[in-house]
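Notes follow the structure.
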Amino acid sequence: MEIEGIPKTDNIYKKFISILLLMFSLTVISIVCLVLIVRGRNEYFYKSIFAIIITILFGTGLLLLGTIFIGVLLWHEHSVSKTFRRLLGLSFTMIYPGMLFLGKLFKYDKNSIRSIFIELNNRLVSIDEYSIKGNDILVLIPHCIQKSFCPHRITTNIENCKRCGKCSIDSLIKLKEEFGVNIRVVTGGTLARKVIEDLKPKAIVAIACERDLAGGLYEVRDLPVIAITNKRPEGPCLNTTVDINEVRAAIKHFLYKE
Ligand code: SF4
């Protein structure tokens, strides 16, 4: 099931599976090489070290196979059991840094690798149904969405916005009024964590760049999060915007249904 209003990007899935297959092939090659090396050796010390390394590589291989399987399930919009969700959480922790490293090696754009995890997360959340009250939903907005010339301090209180309509803040406040959700403008991960701790939301709609979203998803595992990438027509961190229809669709996906 797709969240109506939030576009799917299937090419990201193909890239995801291809990187995982590459990682799996490298793991198998490493196992074969190690077995060939250890065959001619009788020393107990070498055999124990190799046994430990091969066990780790086997574990990694199984995790990669499991992740590929879950990726294919999500690609074809099948539901995913709790066990597979846990496995996916584990692979986020263990595979994401490896994917970033491989991506660097093969000159993949870092943001496209981050987008894979954002998309995977959104697909998982889109499969589930929610019925959450507006004031238990938190919308996190990066401060770069405010026009750089605007003198009003909306990070302390979004209501300080004078609603001139020159940036997306005005439309986001309209969503707050329409659905009763909590909206906070944050200057980074530390403030975002503090807001989550203080408000204790049951679901989050997070708007940010790929780097901040992937980092945030990596940290927040216990809450459903729909991650929306901002648009950066003037480059990173300056006068960014967001598709309000995507934010509206995300809120409605979580919202209490009568
Ligand atoms: S809508 Fe206008 S007043 Fe409000 S934050 Fe944006 S630029 Fe400032």
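The values are calculated or read from the model by the stated rules, or taken from the named source; none is laboratory data. Nothing here was measured: the structure is a model prediction, and the numbers come from that model. Because the Cβ atoms are built from the backbone with ideal geometry, glycine has one as well, and the counts that use them run over all protein chains shown.
Taking segment 138-183 as the range and being among the hydroxyl-bearing types (Ser, Thr, Tyr) and either under 22 Å from Glu234 (Cα atoms) or within 8 Å of the ligand (Cβ to nearest atom) (or both) as the test, the residues that pass are Ser148, Thr155, Ser168, Ser171. What residue, among those in segment 184-193 that are under 21 Å from Lys147 (Cα atoms) and in a helix (DSSP H, G or I), is farthest from the ligand (Cβ to nearest atom)? Ranking the candidates gives Gly189 first. Pairs are defined by a Cβ separation below 9 Å, a sequence spacing of at least 6 or placement on different chains, a first member in segment 142-171 that is in contact (Cβ under 8 Å) with a residue 60 or more places away in the chain, and a second member that is near the ligand (Cβ under 6 Å from one of its atoms) and polar (S, T, N, Q); the pairs so defined are Cys167/Gln146; Ser168/Gln146. If I filter segment 196-214 down to residues being surrounded by fewer than 17 Cβ atoms within 10 Å (Cβ to Cβ) and in a helix (DSSP H, G or I), which single residue comes out as modelled with the lowest pLDDT? Within segment 196-214, the match that is modelled with the lowest pLDDT is Arg211.
Name the single residue, out of those in segment 126-149 being out of contact with any Lys or Arg (no Cβ under 8 Å at 6 or more places or on another chain) and aliphatic (A, V, I, L, M), that is surrounded by the most Cβ atoms within 10 Å (Cβ to Cβ). That would be Ile145. Look at segment 120-137 and say how many of its residues are aliphatic (A, V, I, L, M) and either more than 18 Å from the chain's Cα centre (by Cα) or within 12 Å of Pro201 (Cβ to Cβ) (or both). Residues flagged as aliphatic (A, V, I, L, M) and either more than 18 Å from the chain's Cα centre (by Cα) or within 12 Å of Pro201 (Cβ to Cβ) (or both) within segment 120-137 amount to 2. Which residues, taken from segment 156-179, are surrounded by fewer than 14 Cβ atoms within 10 Å (Cβ to Cβ), assigned to a loop (DSSP other than H, G, I, E, B) and not hydroxyl-bearing (Ser, Thr, Tyr)? Correct list: Asn157, Lys162, Arg163, Cys164, Gly165, Lys166.
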